[in-house]
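Have a look at the structure below, then the notes.
The values are calculated or read from the model by the stated rules, or taken from the named source; none is laboratory data. Predicted model, so just to flag it, every value in this text is computed and none were measured. Using ideal geometry, Cβ is built from the backbone for each residue, glycine included, and neighbour counts are taken over all protein chains shown. Each accessible area value is taken on the protein alone, full model and side chains, heavy atoms only, with ligands, DNA and RNA left out. Shrake-Rupley method; radii C 1.70, N 1.55, O 1.52, S 1.80 Å.
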Amino acid sequence: MSCRAAAARFVATAPTFGLGQVLLAIVRPLWAKLAIAAVFVAPAVIAGYHAVHGIVKHTMPSEFWQITFSIIGAAAVGASAFLRVAGLATGRPAGNTAGSPMPAGASLQGTPLEMSERKLYIVSTSREC
């Protein structure tokens, strides 16, 4: 890819992604948020379908099973993309559903851990010749 094409892609995608995130944060109705998310999720679903179909067409002779697994793959990729878009819209990491991992008054400062007086013996099983 040429340098101009990469720059043009960045100039086109960055404002689009930013505008989508701003709209998801500002828009109140749930149906509008779902429509905005669908704009970002639909290409991922299509790409997921074609990616899985490209793999399974080489491994399964039955066209029915090729399409079935392609639809399952598209649904999995779409669900993953939707969760990522929804996680970005809330401003929290996708895996952090409880908000902050620490209570409000907690701090990282505290007393150091006491070391036990137990000794660790390392036994070697290798033999030298």
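See the values below:
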| quantity | calculated |
| --- | --- |
| Members of the range 53-65 that are exposed (fewer than 13 other Cβ atoms within 10 Å of the Cβ) and over 21 Å from Pro43 (Cβ atoms) | His58, Thr59, Pro61, Ser62, Glu63, Phe64, Trp65 |
| Filter result for Arg28 (in a helix (DSSP H, G or I) and of a type in the set (Lys, Arg)) | no |
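Table: residues versus (1) of a type outside the set (A, V, I, L, M); (2) assigned to a helix (DSSP H, G or I); (3) open to solvent by 80 Å² or more (accessible area, probe 1.4 Å); (4) touching a residue at least 24 places away in the same chain (Cβ under 8 Å).
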site: Leu19; (1), (2), (3), (4): no, yes, yes, no
site: Lys33; (1), (2), (3), (4): yes, yes, no, yes
site: Val45; (1), (2), (3), (4): no, yes, no, yes
site: Ala51; (1), (2), (3), (4): no, yes, no, yes
site: Ile67; (1), (2), (3), (4): no, yes, no, no
site: Ile72; (1), (2), (3), (4): no, yes, yes, no
site: Ala79; (1), (2), (3), (4): no, yes, no, no
